[in-house]
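Contents: one structure, followed by commentary.
Throughout, read-outs are computed from the coordinates displayed, never taken from laboratory work. Computed from a prediction, not measured in an experiment: that's the story for all the values here. Cβ placement follows ideal geometry from the backbone for every residue including glycine, while neighbour counts extend to all protein chains displayed.
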Amino acid sequence: MRRCAASVGSNLAEGRGRRGDGDFGRFIQIASGSLTELEYQLLLSKELKYLAESEYKLINQKLAEVSRMLLSLEQKVKSTSAGK
């Protein structure tokens with residue numbers, strides 16, 4: 001789970017360091033994939049009783065917020081690159 005969480009930010013940083021919005025957009029998608037992987041691992045942790053339901057709900061809400069932020073960023077990058 002730590003690897004997935006770190007991968008989200010790492011992919012955003014790497015994508016921003018690349019040339020052009022196209023590369024950045026691709027890395028945003030990779031970050032979204034890592035976030036989805038983290039969501040699954042969170043669900044699995046709850047199902048295996050490593051997490052209480054209340055902890056799961058709190059963390060899942062935060063992941064949903066990050067997911068919305070990534071989607072918004074991806075849309076912004078797409079609209080910026082389309083306008084060039």
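One quarter of the convex hull surface built on the alpha carbon atoms of the chain amounts to 5.2 nm², the projected area averaged over directions. Considering only ALA82, TYR40, ILE30, the residue lying farthest towards the positive end of the dipole of the stretch 2-82 is ALA82, judged by Cα position with unit charges set on Cβ. Contact order, relative form, for the stretch 2-82: 33 percent (alpha carbon pairs under 8 Å, 6 or more residues apart, mean separation divided by residue count).
Quick one: VAL8, VAL66, fewest Cβ neighbours within 10 Å first, how do they rank? Don't skip to the answer; put the middle values down first.
Working: VAL8 22, VAL66 17.
Starting with the residue having the fewest Cβ neighbours, the order is VAL66, VAL8.
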